[in-house]
Amino acid sequence: MSLLEKYKGMGRLRPFLIYALCDETFSLVSTVDPPEGVTPKAFYGWISLLNYLYWVIGSALGGMLGQVLSFNTAGLDFALTALLVVLFLEQWKKKENRPAALIGVACAALCVAIFRGDMVIPAMLLIVAVLLLGRRRLCN
Amino acid sequence: MQLTAVQTLIMILAVTLGVQITRWLPFLLFPEHKTPPAVVGYLGNVLPAAMMGFLVVYVLKDVPILAAPHGLPEALAIAAIVLLHRWKNSVMLSVAGGTAIYMLLVQGVFA
């Protein structure tokens, strides 16, 4: 829904952009704007294609080399946390995003406290509910 | 539990179907030439920030706060990311630097 506007006018690229819209691509595309001199079409297209290839190639390599690889990868999975923290900071830069960002953190934290590992669906429902209830105040 | 090849294939197909439906649905419901209702535009505006907040909590939810080292490596690495990002403002550098610091912490300092 956040990308309806951004993915307008993508023409023949649009079906591919939708098909390849993984979490990582969504996070980048919804947060980072195309730099000057780069068309939105090229920007979104390349992010989508590269992320798609990273997924395919990375998964294939992992499946084949996972047994052989022996260097210490402990902590490497923190890359995802780091990416999300950075994207959170990018959202935080815009003052008007801050209430929604805090609502996301608070609702998620509350649902972790109540539902533990099953927090995903309740947290998402709660976030949408709070955002809808606060629409008047958040729009101003 | 050992899965047969057919079971594995069915699982992959089910996951694929679920993923693709959720990706296409908003775009099919609100095609390019039609203006979506205002509430959809509103949610589209506020959801990315809210979701990023949600996702940060989501990836940190299994960090053991009560047991040693009490989430200290995570806290320190995130603090480093915030400083690094304020300083250089580069998404790539902040992610790579934060991950490297975290790996040093869990493999060296808190090992």
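Only the coordinates and a few stated rules stand behind these numbers; no lab work does. This is a predicted model, so every value here is computed, not measured. We place every Cβ from the backbone using ideal geometry, glycine too, and count neighbours over all the protein chains shown.
Okay, here's what the table says:
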read-out: Selection count where residues are assigned to a loop (DSSP other than H, G, I, E, B), β-branched (Val, Ile, Thr) and within 22 Å of the chain's Cα centre (by Cα), scope segment A:31-72; value: 3
read-out: Which listed residue, of B:3, B:66, B:43, is without any contact (Cβ under 8 Å) to a residue 60 or more places away in the chain and in a helix (DSSP H, G or I); value: B:43
read-out: Among (1) touching a residue at least 60 places away in the same chain (Cβ under 8 Å); (2) farther than 24 Å from residue B:30 by Cα, the one test that residue A:36 misses; value: (1)
read-out: Cross-chain or 6+ apart pairs with Cβ under 6 Å, segment B:8-29 first and within 11 Å of another protein chain (Cβ to nearest Cβ), then surrounded by 10 or more Cβ atoms within 10 Å (Cβ to Cβ); value: B:23/A:18; B:23/A:21; B:24/A:18; B:26/A:1; B:27/A:18
read-out: Answer from A:126, A:133 - the residue that is among the hydrophobic types (A, V, I, L, M, F, W, C) and surrounded by fewer than 15 Cβ atoms within 10 Å (Cβ to Cβ); value: A:133
read-out: Test: residue in segment A:6-23 that is among the basic types (Lys, Arg), surrounded by fewer than 16 Cβ atoms within 10 Å (Cβ to Cβ) and within 9 Å of another protein chain (Cβ to nearest Cβ); value: yes
read-out: Residue match in segment A:73-93 (condition: basic (Lys, Arg), more than 8 Å from every other protein chain (Cβ to nearest Cβ) and either outside any helix (DSSP H, G or I) or closer than 30 Å to residue B:104 by Cβ (or both)); value: yes
read-out: Test for residue B:39: is it surrounded by fewer than 16 Cβ atoms within 10 Å (Cβ to Cβ), among the aliphatic types (A, V, I, L, M) and closer than 21 Å to residue A:31 by Cα; value: yes
read-out: Any hit, segment B:79-90, residues being free of Cβ contacts under 8 Å to residues at least 12 places away in the same chain, touching a Gly at 6+ places or on another chain (Cβ under 7 Å) and assigned to a helix (DSSP H, G or I); value: no
